[in-house]
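Okay, so here's the structure we're looking at.
Only the coordinates and a few stated rules stand behind these numbers; no lab work does. Here the structure is a predicted model, which is why all the values come from computation and not from measurement. Note that we place each Cβ from the backbone using ideal geometry, even for glycine, and neighbour counts take in every protein chain shown.
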Amino acid sequence: MNTPTPTLSHQDIEEESLLHIVCPTQKRLLPVLLAGCWCLMFIPAIARHLSGPSQDYAYAWLAITLSTGALFAILLYRSYVFRDELCIVRGSSAPKAYKFLLSAETIRAVRVLPSAQAWSSEGKLESLGLSDGRIEIETSTQSFRFGAGLDEYSTHNTVNKILRFCGLN
């Protein structure tokens with residue numbers, strides 16, 4: 001079985017001072033099923049309402065339906081296009097090309113959070129492809145969640161690589 005592994009690259013900055021991690025897409029099935037059901041149910045209803053005589057509530061119903069469709073489009077984007085990305089830099093040579101950049105010196109701890117149970121709110125968000133990931137990175141100022149799209153094995157490997165890069169246990 002081919003397990004999803006994050007793309008790890010050390011950029012061409014002196015002495016491998018940048019760790020760039022890109023997680024694979026999540027590819028969740030639930031957003032696809034929900035969007036498919038939305039298409040099967042609401043597109044014929046929209047066509048029926050737009051072709052018939054104008055009613056007072058038709059435009060409100062149309063706005064609700066289109067906003068629901070936009071929500072499903074966001075869920076599909078998050079599940080099939082979005083990739084969680086993290087850059088950790090050693091020293092002061094930080095490139096400006098990356099949006100989310102952490103300094104290795106400020107990272108205090110990196111840990112794997114437990115798997116969310118299916119009935120919990122975190123588990124429901126994960127099944128929709130909206131989770132923040134199971135890796136928690138604690139810095140001197142705040143904590144960050146990372147690793148959306150990683151399975152159990154890849155999560156532990158990624159944590160070990162971050163710990164080795166930052167010089168933590």
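Can you tell me the Rg and the Dmax, both Å, for the Cα atoms in the stretch 30-79?
12.1, 38
Set the Förster radius R0 to 22 Å, insert the Cβ-Cβ distance between residue 125 and residue 103 as r into 1/(1 + (r/R0)^6), and round the FRET efficiency to 0.05.
0.15
Would you order 20, 156 from fewest to most other beta-carbon atoms within 10 Å of each residue's own beta-carbon?
156, 20
Quick one: order 80, 59 by neighbouring beta-carbon count within 10 Å, fewest to most.
Exposure proxy ranking, most exposed first: 59, 80.
On a full-extension model of 0.36 nm per residue, what is the gain between residue 161 and residue 68, subtracting their alpha-carbon distance, rounded to one decimal in nm?
Result: 29.5 nm gained on full extension.
How much net charge surrounds residue 167 when only other residues with a Cβ under 10 Å from its Cβ are counted (Lys, Arg +1; Asp, Glu -1)?
Spelling it out: positives minus negatives among the neighbours equals +1.
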